[in-house]
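One structure is given below, encoded as structure tokens.
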Amino acid sequence: MSGNRVKARQAVMQALYQWQMNPTDPRAIETQFLEDEHAQEADPQYFQQILRGVFENLEAIDEAIQAQVRDRKWSDLSEVERAILRMAAYELMARPDVPYRVVINEALELAKGFGSDQGHRFVNGVLDKLAQQWRSSETSRRGR
């Protein structure tokens with residue numbers, strides 16, 4: 001199942017990227033991805049939960065991310081980094097059943113595979129701060 005979630009996260013990142021490049025009805029993008037033959041390997045329920053969650057909480061997610069990237073303009077983020085951050089921020093915020101380390105690690109793998117050369121470092125820094133903010137009880141056990 002975890003491999004299916006990895007593929008679901010990749011599909012969410014790609015769907016968000018597509019929406020960012022060509023804003024359209026999020027439901028149409030969701031349907032398109034669910035009908036795609038490559039998406040058959042992904043966990044469709046997880047894909048829908050995360051994608052819908054991002055869209056339903058987009059304003060709060062974007063505000064939280066922007067609060068952590070004060071040194072960079074929102075418009076300076078690559079579309080790939082923005083999609084990954086939105087997806088992972090939602091998981092950190094709303095999916096306590098997924099350990100924060102898993103969320104961050106999956107986001108870093110996507111950033112390494114699809115983002116700019118050093119984009120994964122930036123993504124890691126932002127997500128680490130969000131994890132400390134939203135998952136303080138979990139992150140405080142890090143050193144133990």
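Throughout, read-outs are computed from the coordinates displayed, never taken from laboratory work. Worth saying up front: this structure is predicted, and the values here are computed from it rather than measured. Neighbour counts are summed over all protein chains in view; Cβ atoms, including those assigned to glycine, are modelled from backbone coordinates with ideal geometry.
For the reader, a short list of remarks on this structure follows.
- Centre-to-centre separation between the Cα atoms of the stretch 28-72 and those of the stretch 112-144: 18 Å.
- For the chain, built as a Gaussian network whose Cα springs stay under 10 Å, the top-fluctuating residue of GLN14, GLN48, GLN40: GLN40
- Nearest-ten-degree value, helix 100-114 long axis tilted from longest Cα axis of the chain: 60
- Among ALA11, ALA60, ALA111: highest mean-square fluctuation, GNM of the chain, C-alpha pairs under 10 Å: ALA60
- Here the gap between GLN32 and GLN118, fully extended at 0.36 nm per residue and compared with their Cα-Cα distance, gives a gain of 27.9 nm.
- Cβ-derived FRET efficiency at R0 35 Å, GLN40 paired with LYS73, nearest 0.05: 0.35
- Shape summary of the stretch 57-132, radius of gyration then Dmax from alpha carbon positions: 11.2, 32 Å.
- In the chain, the longest principal axis of the Cα atoms and the axis of helix 58-68 are about 30 degrees apart.
- Residue ranges 78-91, 95-108, 120-133 sort as 78-91, 120-133, 95-108 when ordered by packing (mean number of other C-beta atoms within 10 Å per residue, highest first).
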